[in-house]
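The values are calculated or read from the model by the stated rules, or taken from the named source; none is laboratory data. Computed from a predicted structure; not experimentally measured. Virtual Cβ from ideal backbone geometry, glycine too; neighbours counted across all protein chains shown.
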């Protein structure tokens, strides 16, 4: 799913108006009707008090359309206008007059006035600000937002939670609506998926607000949300007359004394995702561990007992995953530096290899173009430096990926893959995956996919999706706290099968 910028949304609105020869208010009426239908389908006339807080721009106009339609269908509606400026948009004024036809005069809220009384059993509709917000809120509006948040009433925001900016983090975290549900126009916004801003909403849903489909389909976006529909075309099916050599020989380089589990997990995940052959290059101390725990794997041992001091092998791998459990011993750093001077294979780099790069930045110049780096937040900070907010983090990450021509995967609740100034936001996974070894599993999966000759950017997008889906499928019967990295590995096959699983059809009873 494409994630459009604020500028692209406004261009889509203008294109729709011009192409269909309608007014902006006609489009607002359509969008308001869609929002009303959403409420009406769920509430079925229930007389729960609905408090609609409208700003004085087009987001407020949308709130007035919703209020008018709810009133027309007999709902218990209270409409307020948050009077934070003398300026009003044309469409707001049109709908302000229309709602008065129901003998309803929205209550004007201004600085110094007492706020409306609400119960936690009520419903609040937040239509104060939309994506057009471009300045800090005044103190009394901030107090109103804090008042709404403290009410404990179920809050539905229209388009975005009021107080969120389209292109940067809020200056004041207390001046943002904490939305239970956000009904967003046409497509979600980037801020929905970043740690600092995603916390302001529990759930979101994109609704069709009538924007021109041709424009939406043809317009390239910098950001995409990745789900099953986006990854299905990336899948490469197995061939009947193929053999293990067809699907590549993968090499996992890593491990050190006390950290051999990381290599075991990565190697196991590499096999599960479909590599033909797997070899683990490890220090001597891990030989018995790997041969016992993963009989499908071949093992090459470094001459050192407890850590890797030389990376030499006589196989021809199609992909190399490295860094898991490797440690940062001086001899290991030296070995990695020497290896990079002769290696031509694309790499999947994780964990301690990233930490070594962070303190030896010149080594990054020797990383083959198109390699995949998979840092967690602290590893990312060591690579690109500190950031002021999540938007700044993304800009620095894009610059880093472009400078070294690598694919950068920022692991998190919505793992983000960055390449060529594009962001691919993953929509699978769950909090239970914040567990030891989860990243090692991802490294193995990515190595296995590249080994099967998936294009690296496609391997990154597909692998991150499968990793999250395996975690989601593993969650059943466990709960977040009990999920382990081994559970994720065990469900990689189920994640593949899920790609081709059709949605369940409602039963005859459910249709009644």
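Would you check if residue 373 is within 20 Å of the chain's Cα centre (by Cα) and in the same structural domain as residue 314 (by TED's automatic domain parsing)? When the stated conditions are applied, residue 373 passes them. Are any of the residues in the stretch 376-388 closer than 30 Å to residue 229 by Cβ, free of Cβ contacts under 8 Å to residues at least 60 places away in the same chain and in the same structural domain as residue 319 (by TED's automatic domain parsing)? Looking through the stretch 376-388, at least one residue is closer than 30 Å to residue 229 by Cβ, free of Cβ contacts under 8 Å to residues at least 60 places away in the same chain and in the same structural domain as residue 319 (by TED's automatic domain parsing). Residue 304 falls short on exactly one of the conditions (1) more than 19 Å from residue 444 (Cα to Cα); (2) without any contact (Cβ under 8 Å) to a residue 24 or more places away in the chain, and that condition is (2). Every condition in (1) at pLDDT below 95; (2) in contact with a helix residue (DSSP H, G or I) (Cβ under 6 Å, 6 or more places away or on another chain) holds for residue 103 except the one numbered (2). Collect the residues in the stretch 26-35 that are surrounded by 19 or more Cβ atoms within 10 Å (Cβ to Cβ) and more than 14 Å from residue 63 (Cβ to Cβ), keeping them in residue-number order. Answer for the stretch 26-35, where residues must be surrounded by 19 or more Cβ atoms within 10 Å (Cβ to Cβ) and more than 14 Å from residue 63 (Cβ to Cβ): just 27. With the structure loaded, tell me whether residue 113 is assigned by TED's automatic domain parsing to the domain that holds residue 60, touching a residue at least 40 places away in the same chain (Cβ under 8 Å) and surrounded by fewer than 19 Cβ atoms within 10 Å (Cβ to Cβ) or whether it fails that test. Taking the combined requirement at face value, the residue does not satisfy it. Of all the criteria given as (1) in contact (Cβ under 8 Å) with a residue 60 or more places away in the chain; (2) under 31 Å from the mean Cα position of the chain (by Cα); (3) surrounded by 21 or more Cβ atoms within 10 Å (Cβ to Cβ), the one not satisfied by residue 38 is (3). Being under 21 Å from the mean Cα position of the chain (by Cα) and in contact (Cβ under 8 Å) with a residue 60 or more places away in the chain holds for only one residue in 199, 223, and it is 223. Screening residue 190 against (1) surrounded by 22 or more Cβ atoms within 10 Å (Cβ to Cβ); (2) over 26 Å from residue 410 (Cα atoms); (3) at pLDDT 95 or above; (4) out of contact with any helix residue (DSSP H, G or I) (no Cβ under 6 Å at 6 or more places or on another chain) leaves a single unmet condition, (2).
If the condition is being closer than 22 Å to residue 160 by Cβ and touching a residue at least 60 places away in the same chain (Cβ under 8 Å), then the stretch 41-63 contributes 50, 51, 52, 53, 54, 55, 57, 58, 59, 60, 62, 63. With respect to the conditions (1) modelled with pLDDT of 95 or more; (2) within 29 Å of the chain's Cα centre (by Cα), residue 6 falls short on a single one, namely (1). Taking the stretch 71-103 as the range and being in a loop (DSSP other than H, G, I, E, B) and farther than 18 Å from residue 55 by Cβ as the test, the residues that pass are 73, 74, 75, 76, 103.
The residue that is farthest from residue 391 (Cα to Cα), among those in the stretch 454-474 that are buried (at least 20 other Cβ atoms within 10 Å of the Cβ) and over 18 Å from the mean Cα position of the chain (by Cα), is 474. In the stretch 279-367, counting only strands (runs of 3 or more DSSP E) that sit wholly within it, the ones holding 3 or more residues that are over 36 Å from the mean Cα position of the chain (by Cα) and surrounded by fewer than 22 Cβ atoms within 10 Å (Cβ to Cβ) span 298-301. The residue list 179, 151, 162 contains one member that is surrounded by fewer than 21 Cβ atoms within 10 Å (Cβ to Cβ) and either in contact (Cβ under 8 Å) with a residue 12 or more places away in the chain or under 21 Å from the mean Cα position of the chain (by Cα) (or both), which is 151.
Could you tell me whether any residue of the stretch 208-216 is closer than 26 Å to residue 445 by Cα and surrounded by 17 or more Cβ atoms within 10 Å (Cβ to Cβ)? Break it down into steps so the answer makes sense when it comes.
Taking the stretch 208-216 as the starting set, the residues that turn out to be closer than 26 Å to residue 445 by Cα are none.
No, the stretch 208-216 contains no residue that is closer than 26 Å to residue 445 by Cα and surrounded by 17 or more Cβ atoms within 10 Å (Cβ to Cβ).
Which one of 74, 63, 57, 67 is surrounded by fewer than 20 Cβ atoms within 10 Å (Cβ to Cβ) and assigned by TED's automatic domain parsing to the domain that holds residue 163? Only one candidate qualifies: 74.
For the stretch 41-54: of the residues being part of a loop (DSSP other than H, G, I, E, B) and touching a strand residue (DSSP E or B) at 6+ places or on another chain (Cβ under 8 Å), which is surrounded by the fewest Cβ atoms within 10 Å (Cβ to Cβ)? The selected residue is 48. Among all positions in the stretch 240-256, there is no residue which is more than 30 Å from residue 340 (Cβ to Cβ), without any contact (Cβ under 8 Å) to a residue 60 or more places away in the chain and within 28 Å of the chain's Cα centre (by Cα).
Residues that are at pLDDT 95 or above and touching a strand residue (DSSP E or B) at 6+ places or on another chain (Cβ under 6 Å) occur in the stretch 225-238; there is at least one.
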